[in-house]
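Below: one structure, written as structure tokens.
The values are calculated or read from the model by the stated rules, or taken from the named source; none is laboratory data. Here the structure is a predicted model, which is why all the values come from computation and not from measurement. Counting neighbours? That spans all protein chains shown, and the Cβs are built from the backbone with ideal geometry, glycine included.
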Amino acid sequence: MSGTVPSKKFVRKELLERRRSLPEDAWLALSSMIVSETLKIAEIDDACSVMVYLSIVSLREVETSNLCRRLHDAGKCLCVPALIDGHIVPVRYRPGDPLASGMFGQPEPTTLSMIDPQELEAVIVPLVGIDAHGYRMGYGKGFYDRFLAGLVDSGYSPCRIGLGFRMQFVSDLPADPWDEPLDYAVHEGGIVQFT
């Protein structure tokens, strides 16, 4: 990825291929390291209410079931994103709640108990790629960017944390004006703070 700036589509495809190439044992081991690092972030420790994505296993997203258990056991109000009418909505989640496959294969609780987004103190998001400026690349649908921008528009900005493997970190990503930067990104080697 050098020379002329590659397109988002090209970069996304390359980064997804990198992630999908992880063998299961490495994926689980690296995910466990990322969870441990994530729990060191002060804003997570201090938060009462945290939104965490539930991993799409087939895409090798950083596995978050252990993170959800540990946050729940620490007494956090835990929510996960559900897609309702084309928008992310935070819904209450307790580890072990029944799940169904959402529109894009993402796990979602079968019972959707919505939480006021302004109660969220931290939002943990998946990423396909992240650059040195905190700009995240997702799957190209813009759901998280719209969700995070909506919170900012309402005068509220919880801590934004992306989870990814070191192989997903690049120096620069092609960015659009509507891309929402993160406060932190976490990989198996540690925490990167952008703000």
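Brief remarks follow.
- Inclusion of GLY75 among residues that are part of a loop (DSSP other than H, G, I, E, B), on the phi > 0 side of the Ramachandran plot, modelled with pLDDT under 95 and exposed (fewer than 14 other Cβ atoms within 10 Å of the Cβ) is not warranted.
- All positions within the stretch 180-195 that are more than 14 Å from the chain's Cα centre (by Cα), surrounded by 14 or more Cβ atoms within 10 Å (Cβ to Cβ) and part of a loop (DSSP other than H, G, I, E, B): GLU188, PHE194
- Among the residues of the stretch 88-107, those that are of a type in the set (Gly, Ala, Ser), free of Cβ contacts under 8 Å to residues at least 40 places away in the same chain and loosely packed, with under 14 Cβ neighbours inside 10 Å comprise GLY96, ALA100, SER101.
- Hey, ARG60 within 13 Å of the chain's Cα centre (by Cα), over 19 Å from THR195 (Cβ atoms) and not aliphatic (A, V, I, L, M) or not: yes
- Scan of the stretch 5-34 for residues that are closer than 17 Å to VAL170 by Cα and free of Cβ contacts under 8 Å to residues at least 24 places away in the same chain, ordered by number: PHE10, LYS13, GLU14, GLU17
- Qualifying residue in the stretch 55-71 (condition: in a helix (DSSP H, G or I), in contact (Cβ under 8 Å) with a residue 40 or more places away in the chain and buried (at least 22 other Cβ atoms within 10 Å of the Cβ)): yes
- When residues of the stretch 141-178 are limited to those that are over 19 Å from ALA82 (Cα atoms) and surrounded by 21 or more Cβ atoms within 10 Å (Cβ to Cβ), the one nearest to the chain's Cα centre (by Cα): GLY164
- Looking across the stretch 110-127, just one residue is buried (at least 16 other Cβ atoms within 10 Å of the Cβ) and either basic (Lys, Arg) or more than 17 Å from the chain's Cα centre (by Cα) (or both), and that is ILE115.
- A search for C-beta distances below 7 Å between a residue of the stretch 153-170 that is under 15 Å from LEU67 (Cα atoms) and any residue that is assigned to a loop (DSSP other than H, G, I, E, B) and of a type outside the set (A, V, I, L, M), counting only pairs 6+ apart in sequence or on different chains, returns ILE161/ASP183.
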